[in-house]
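Read the structure below first, then the notes.
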C-alpha cells in the first residue's frame, strides 16, 4: 500500500512539475525561414498574393494529400480573400489575406482545426537590388493552457521544413519568370467599336493594319465620332504554322449608329481577362503570349475567345520600336 501511495505521489509530483514548467514556457512562438531569390519584388509578390498560384510553390498540395479539397473565395491580391482546405492528412484550415503592400508584404490570418488554433503569418519581400530577401514568418499566441505551450516547442520543427520547401519552390518559379512581362487579371468593359474584319499573313500585317486603320479613322472623322480608348485588334482565327490570321481591327468610340462599306459597328461584351504589358516591336511578341498561356494554365483558367492587342503608341509618330507599348489581353473564365 505504501508503495502505491509513493507511486501516486510521484505521478502527481511529476504532473505538478510539468504544469509549472508549462506555465514557465513562453506563451508565444515564432517560426521563420529565409531564402534569397533573384527576381523582381512584384514577381515574388504576384506568386505570394494570389492563392490560385500557391499550388505552384507551397508544400501543402494534392501531391501530399490526395484527399484534400481546396477552396478559394475572393479575388487575387485582395484583403479578405481566403484559401480553405480539408483533407485526411492536411487536416482542415483557412488562410485569409489581412494586409497587402505590393512588392513588400503579404500578411494573413491562419486558423487550423475549425479555428481552434490561430496564428498570424507574413511573407516579407526586401529588395536587395538584383535579388530579394524573402522571409516567411508565422507567429502565434498559445494562451495559458500548458499543453498548448508544450506544443509551441515543436512548432518550428513542424512548420519550418514546409516553409523551407515552399521558399525553395518559390525561388524556382520566380526566377523562371524573370523574362515575363507584367501580368494582371482585369475586367474589360463593354465598348462600342467601329471595326474592319480582314486577314493577314506574316508578310503583309503592316499593310493590312495600315489600310484598315486608314479606313477606320477616315470613317471616324467623316462622321464626327469621338474616340473612346486606344485602338486594338482581336484575333478570330490563328494558324500557328502558317501564322495566317483573321482578325477584327477596331477603334472604340463613344457611340456610332451604323457602318459604311467594310467599316462595321459592334458592341463588345464585358469580360474578365488576363493582360500582359509588352514593350517592343510587334514582330517579337511571342514570349509575352507564351507567358500569358503559362499564367492561364497555372491559375486553372479557361480561354474564352481570341486574344486582343491594344496599341498604346502610334507607330507613325513613335519611331523607337523599343518604346512601343502593347497590352495583350486573353479573355478568360
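The three principal axes of the C-alpha atoms in the range 183-331 carry coordinate ranges of 46, 32, 28 Å, sorted with the longest axis first. Taking 302, 31, 310 in turn, the Gaussian network model of the chain (Cα-Cα springs below 10 Å) assigns the largest fluctuation to 302. Once the Cα atoms are used to define both axes, helix 205-222 deviates from the longest principal axis of the chain by about 70 degrees. Ranking of 173, 237, 262 by neighbouring Cβ atoms within 10 Å, starting from the fewest: 237, 262, 173.
Between residue 88 and residue 105, the contour length at 0.36 nm per residue exceeds the Cα-Cα span by 3.0 nm. For the range 25-177, compute Rh as the Kirkwood radius over C-alpha pairs and then the Stokes-Einstein diffusion coefficient at 20 °C and 1.002 mPa s; write the answer in µm²/s, rounded to an integer. Taking Rh from Cα pairs, D becomes 135 µm²/s.
Label positions at residue 312 and residue 157, each projected 7 Å from the Cα along the C-beta direction, are separated by 5.3 nm. Residue separation of residue 165 and residue 139 scaled by 0.36 nm, minus their Cα-Cα distance, works out to 7.5 nm of gained length.
Relative to the longest principal axis of the Cα atoms of the chain, the long axis of helix 286-298 makes an angle of roughly 40 degrees. Relative contact order of the chain: 16 percent, from C-alpha pairs under 8 Å at least 6 residues apart in sequence. The simple Förster model, with R0 at 41 Å and r as the Cβ-Cβ distance, assigns residue 116 and residue 294 a FRET efficiency of 0.60.
Remark: 193, 69 ranked as 69, 193, counting other beta-carbon atoms within 10 Å and listing the fewest first.
Taking the range 166-194 and a reference point 7 angstrom along Cα→Cβ of residue 258, the backbone N atoms nearer than 18 Å belong to 193-194. On C-alpha positions alone, give me the angle between the axis of helix 2-24 and the longest principal axis of the chain, in degrees, nearest 10. The answer is roughly 40 degrees. With neighbours defined as other Cβ atoms within 10 Å of a residue's Cβ, the residues 283, 245, 98 order from fewest to most as 283, 98, 245.
Distance from the Cα centre of the range 208-246 to that of the range 40-118, in angstrom? If we compute the Cα centre of each part, the gap is 42 Å.
Given their separation in residues at 0.36 nm each and the Cα-Cα distance between them, residue 204 and residue 62 gain 46.3 nm when the chain is fully extended.
None of the figures in this text is laboratory data; all of them are computed from the coordinates on show. As the structure is a computational prediction, the values presented were derived from the model and not from experiment. For neighbour counting, all protein chains shown are included, and Cβ atoms are generated from backbone atoms with ideal geometry for every residue, glycine included.
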